[in-house]
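Laboratory data are not the source of any read-out in this text; all were calculated from the coordinates shown. Predicted model, so just to flag it, every value in this text is computed and none were measured. Using ideal geometry, Cβ is built from the backbone for each residue, glycine included, and neighbour counts are taken over all protein chains shown.
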């Protein structure tokens, strides 16, 4: 499970560095070892959900648009935020249209990183 979490986290950090305008908050690029336990668990679960999605679609989920891939990651992440927090911050559970462009791109990068690792 921790390997899945690392795949997610490393893709997140790479995406933030690639897409975030300006200097990202330090929490956005915190290394895996320093990431809070709840966040490591959530990252591993979402990575597993992407893997499962690819498997149950017989690999056809790879045909989704980049936007659809990012939306899948965003919805899975929002569900984990509701799981870990009674009243999550609005930004943690924002709908796709409310997410900043850098985060939408990063979520799509995460899906594609999981695809490559499968």
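Remarks
- Mean separation of Cα contacts under 8 Å, 6 or more apart, over the residue count of the chain: relative contact order %: 39
- Alpha-carbon geometry of the range 15-118: the Rg and the Dmax are 13.6, 39 Å, given in that order.
- Helix-only CD estimate at 222 nm, as mean residue ellipticity for the chain, using -39500 (n - 2.57) per DSSP H run (n ≥ 4): -21500 deg cm²/dmol
- Cα→Cβ-extended label distance, 7 Å offset, between residue 38 and residue 87, nm: 1.4
- Ranking of 26, 117, 57 by neighbouring Cβ atoms within 10 Å, starting from the fewest: 26, 57, 117.
- Note on the range 39-87 and the range 5-30: Cα centroid distance 17 Å, given to the nearest whole angstrom.
- Computed FRET value (nearest 0.05) for residue 30 with residue 52, which takes r as the C-beta separation and R₀ as 25 Å: 0.40
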